[in-house]
Each structure stands twice: as C-alpha cells, then as structure tokens.
Amino acid sequence: MSENVQVGGMQEVFIQLKGKTLKDVERSIASVESIGGRVTHVFPPGIMVASVPSVKVKLLRRRAGVISVETGTIAKGGLKDLGHELDLAIDAWNNHIGAERRTRAIESPLLDKSWDTNKFLPPDPPAEVMAELRRRDAELAPAQAKGPAGAPNMNIPVLVGRVVVGIVFVDSTIAQYKITDAEKSKIISETTEGLNMLSSFEPNANIQWVYDFKRPKINLQSGSFPAANQNGWEDTWRNAAVAAMGYSADINGMNSYINSIKVANNAQWAYALFVTKYPKVWFAYYWGNHVVMDFAVDGWGIDNFNLVVAHETGHVFGCGDEYAASGCTCTSLHGRYQVKNGNCENCAPVSIPCLMKSNSQAVCDYTRGQLGWNELAIKSRGATTFKGTWTFDLDSGVQGPASGADLWWEQVNTVTRYLVPQSGAMLANLGAVNFDALSRQTLMTKAYTATPVNGSNNASNKLTPGTVIAIKTNAGRYAKMRIDTYGYNLGITWVTYK
C-alpha cells in the first residue's frame with residue numbers, strides 16, 4: 001500500500017469498517033462528519049469512501065469502528081478480507097486515484113464531443129423508441145393533479161442525500177452473454193467514477209452513493225429475442241433476472257427490489273442499473289426508475305462508460321437532453337422544480353459544455369436547477385419593494401438595517417438614480433438572464449466591481465425589468481437580484497447563498 005501526500009484541503013480516503021450493520025455504517029458516517037468530512041460512497045457492509053480535512057486523516061484512523069484508513073493505492077490482500085465486495089471496492093478506488101485515469105480523460109479525443117457527434121450514437125434511443133418508453137412510464141406513474149404551469153412536480157426526485165444504486169449484472173450460463181469478473185470490476189469502477197463526478201458538482205447536496213450488487217445468472221438463448229419483438233427484449237431478460245433474484249418476474253418485481261434496498265439503507269432515493277450483454281433496444285436508456293446499459297456503449301468505448309452512466313442518472317433525477325438530435329427545446333420544463341432547458345443546442349444562443357449535451361465533465365446552470373440544486377445552501381431569499389433612498393442587506397434580507405447594508409437605492413433627483421454597492425459589496429450587471437437557473441457556482445465566476453449601476457429614469461437606465469444583478473456581499477457571500485418592476489421604488493426578487 002502507498003500514501004498520497006496532501007497538505008491542506010480535503011483529502012479522499014478509503015475506510016474499512018469493523019461493523020456489519022446499517023447502524024454501524026451510520027455511526028461511522030457520523031464520525032466522518034464530526035471531523036468536518038463527508039462520506040461519498042458506501043459499499044455495505046464494511047467499506048466507505050470519504051472526503052475529510054487532510055489534517056484529520058490520522059484522527060479518523062483512531063475512531064472506534066474503523067479498521068483502516070488509506071489515502072493511496074491498495075494492494076490486493078492488503079486489507080482484512082470482507083469478501084468479494086472488498087475486492088471490487090479496492091479496484092474502483094485504485095482506478096479512481098491512479099494517474100492513468102486522469103491522463104486518459106484529459107487526452108481523450110471524445111472529451112466534450114456532443115452526444116450526437118457524427119459516427120456516434122447518442123446515449124438515448126431515437127424518437128420512436130423514446131415514445132414507447134415514455135408511454136410505459138406514463139402507465140407506471142402515479143396519478144397527479146395538474147397544478148399551474150411550472151409548479152413543482154413532486155413525482156420527480158431531487159439529487160440530494162443518500163441514494164442507493166442497485167447494480168444488477170444480468171449474467172448468463174450462455175457463453176455469448178456471460179459477464180467476466182474483470183468486466184464486472186471495470187463497470188463498477190466506471191460507474192462509481194461517473195457518479196462521483198456528478199455528485200462533486202454540488203457538495204452542499206451531501207450525496208452518498210450506496211451500492212447494492214446483484215449478479216443473477218439466467219439461461220435464455222438468442223432465440224428468445226426475435227427481431228419482430230424488439231420492444232419486448234428487455235422485458236424478457238429483466239423479468240428472468242429479477243425472478244432469479246427472488247422477486248416476481250415482472251416490472252413490479254423490479255420495483256419491489258428497488259424499494260427494498262431503499263428501505264434497507266434508509267435512503268432518500270434508489271434506482272436500478274441493469275448491465276447486460278443480452279439484446280436491448282438501445283445501448284443506454286432510462287425509464288421506469290431504472291437504467292439499462294451494455295458494455296460497449298456504442299463507439300464511445302468502455303472508458304466513457306462513466307460519463308454515459310452519469311448522463312443517464314441525470315435522467316433519473318429529471319434532467320432533459322440538450323444535444324440537438326434529441327429534439328430538445330429551450331422552453332420545455334424539467335426536474336422537480338420545472339426548470340427550463342435553456343442550454344439546448346437547438347435554441348440557446350451560446351450552448352456550453354454540459355453532461356446532458358455532451359461527453360463533458362461539467363454541468364450547466366439549467367441542469368443544476370433540474371437536479372434540484374438551486375434550492376440548496378440559501379442564506380436568505382424573497383421578494384420585496386426596495387424603497388427609494390433606502391439600503392438593503394442581502395445577507396439578512398433586511399431593508400434599512402442599522403449596519404451591514406450591501407446596496408443603496410440612491411435618488412440624486414427625480415431623474416438620476418443609482419444602485420450603489422455599500423461597505424465593500426460589489427456588483428456585476430448580468431442583463432436579462434434566466435434568474436432561476438443562475439447558480440452560486442456561476443456567480444463566483446463573474447467579474448465584480450464597486451461601480452454603481454445607472455438606474456436613472458431615462459434612456460441610460462440599466463435596471464429595466466428582467467435585469468439580473470449579481471452581488472458579492474460585504475460579508476463575502478454571493479447573491480443574485482432580479483428587477484421585477486422599476487420606478488422610485490424597485491420591485492426585486494433576491495437569493496443569497498451561504
């Protein structure tokens with residue numbers, strides 16, 4: 001075994017636990033959190049991966065319930081054996097921290113390529129297949145009273161907290177459909193890498209990926225998959241697989257399995273990932289709270305399995321596709337909070353790299369909103385009338401405070417007006433952008449200045465309705481403010497992030 005030397009910051013660690021139960025895991029998670037760390041992956045019952053302050057790694061090694069804490073590569077057999085899952089977790093860990101993976105990702109000629117790049121198939125089926133999957137989704141979805149357009153859809157989960165991924169390798173006794181141990185290990189490594197990347201985009205979501213592995217072996221021959229019944233291929237092998245797992249041989253059996261791992265791990269959400277060499281309607285797709293993928297992932301290759309699985313997981317949590325061939329539009333609404341799909345290639349003036357658009361290690365603000373992350377880490381928010389000559393503190397949401405104000409709505413005379421930053425606060429006028437999709441991460445990238453914004457009641461006015469002002473408060477927080485109405489008093493909506 002080796003050590004990765006890191007001075008300062010948060011360091012990733014591989015933790016082997018003594019416990020065998022969920023209570024033991026919960027206690028160990030609490031130990032990590034008590035020293036300022038965050039658990040990111042759990043391989044029940046005895047393995048966790050966490051991010052902790054580098055100065056606290058030695059302290060973690062002395063905590064009750066912990067067998068070992070590793071920061072570097074781990075030799076096979078170098079840890080007390082906990083069974084097959086330990087070997088899989090070690091393989092995934094070694095691959096994650098190894099320089100080879102990072103070099104391969106950086107140098108990949110496919111990095112940031114749109115999912116509908118020529119000569120490659122996108123990781124979602126064509127329109128006619130998607131229509132069939134959405135029809136089946138509608139059959140399974142619980143009835144929901146229609147609210148006003150844009151109202152939250154509570155049937156869609158948000159990507160926060162503990163999420164269980166049931167990784168089901170649909171193995172076979174038939175040679176052409178068999179899954180080797182090496183292939184299984186590679187898929188687990190790629191899957192954990194992709195999900196780790198996805199959750200790293202929003203630490204405030206405190207996402208813990210918990211894994212449940214199943215490897216049902218079935219004996220279906222190729223003749224069980226006639227070309228005329230393509231839409232039924234998945235049902236054939238999936239039903240046989242869940243039956244081999246001890247559940248009823250139908251979609252209800254699959255849902256019973258998913259619910260059982262959700263309850264057993266006290267999770268916010270759970271979904272299944274079926275990986276198989278058996279025939280399927282497409283190489284990657286999502287419907288009915290499960291993802292289906294094969295090993296080849298078309299021409300993208302096994303080394304891009306991580307980004308494809310992260311893309312499909314985006315669909316699990318309500319994200320819309322953004323590549324042109326998907327037929328996306330900027331007005332369609334997605335995710336629990338019904339965020340517009342403003343990064344769609346078909347309509348966005350400038351479409352930026354994003355996991356839902358391309359083979360990219362990035363998410364755009366619209367995808368963040370669709371995942372439910374725009375609601376996280378908020379210090380204050382609201383809508384109010386910002387009175388002429390008054391000040392406003394964005395950190396507390398208080399107008400006219402005795403101290404600490406960030407903004408002054410200055411009235412020089414009946415025409416000349418300025419929005420003035422106060423006491424070290426700074427501003428950036430972003431123009432008429434999508435307020436709801438604007439994240440803290442994007443606010444952090446803006447160029448701020450102490451220069452007031454001209455809000456005069458004439459042609460030079462830069463505070464017209466719809467204008468969004470980014471603010472770095474005098475307490476060092478980031479905030480956004482939208483002008484809803486203009487006049488001597490401003491109607492505003494604001495959000496300040498922690």
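FYI, it's all coordinate maths here, none of it is from the lab. The structure presented is a predicted model; accordingly, all values stated were derived computationally and were not measured. Please note: Cβ atoms are built from the backbone with ideal geometry, for glycine as well, and neighbour counts cover all protein chains shown.
Annotations
- Whole-number Å³ per residue for the convex hull built on Cα positions in segment 444-498: 95
- Helical content alone sets the calculated 222 nm signal of the chain at -7500 deg cm²/dmol, taking -39,500 (n - 2.57) per DSSP H segment of four or more residues and averaging over every residue.
- Segment 97-144-segment 401-444 distance, computed between alpha-carbon centres (Å): 40
- Contour minus Cα-Cα distance for A383 and D87 (0.36 nm per residue): 101.2 nm
- For segment 305-406, the average shadow cast by the Cα convex hull is 8.7 nm², which is a quarter of the hull's surface.
- Size of segment 10-144 as Cα extents on the principal axes (Å, biggest first): 57, 45, 30
- Distance violations [Cα-Cα > 19 Å] among K186/K277; K472/K498; K20/K186; K214/K277: K20/K186
- Spatially proximal lysines relative to K387 (Cα-Cα < 19 Å; intrachain offsets below 8 disregarded): K462, K480
- With Cα atoms, 0 to 90° folded angle of helix 305-316 axis to the chain main axis: 60
- Cα-derived Rg over Rh, computed across segment 134-243 with Rh taken as Kirkwood radius: 1.06
- Sequence ranges 296-307, 244-255, ranked by mean other-Cβ count within 10 angstrom, highest first: 296-307, 244-255
- If the Kirkwood radius is taken over C-alpha pairs of segment 195-302, then at 4 °C and 1.567 mPa s the Stokes-Einstein diffusion coefficient equals 84 µm²/s.
- Equivalent ellipsoid semi-axes - Cα gyration tensor, segment 47-122, angstrom: 34, 16, 11
- Cα-based radius of gyration of segment 217-368 once divided by 2.2 N^0.38 Å, which approximates compact folds: 1.16
- Cα long-axis angle, helix 84-97 against the chain (0 to 90 degrees, to the nearest 10): 40
- Debye intensity ratio I(q)/I(0), log10, the chain, q values 0.06, 0.07, 0.08, 0.11 Å⁻¹ (C-alpha model): -0.33, -0.45, -0.57, -1.00
- Share antiparallel - DSSP beta bridges, the chain, percent rounded to 5: 70
- Checking Cβ-Cβ separations below 4.7 Å across the chain identifies C319 as cysteines lacking any candidate disulfide partner.
- For segment 388-498, the Kirkwood estimate of hydrodynamic radius, built from reciprocal distances between every pair of different alpha carbons, is 13.8 Å.
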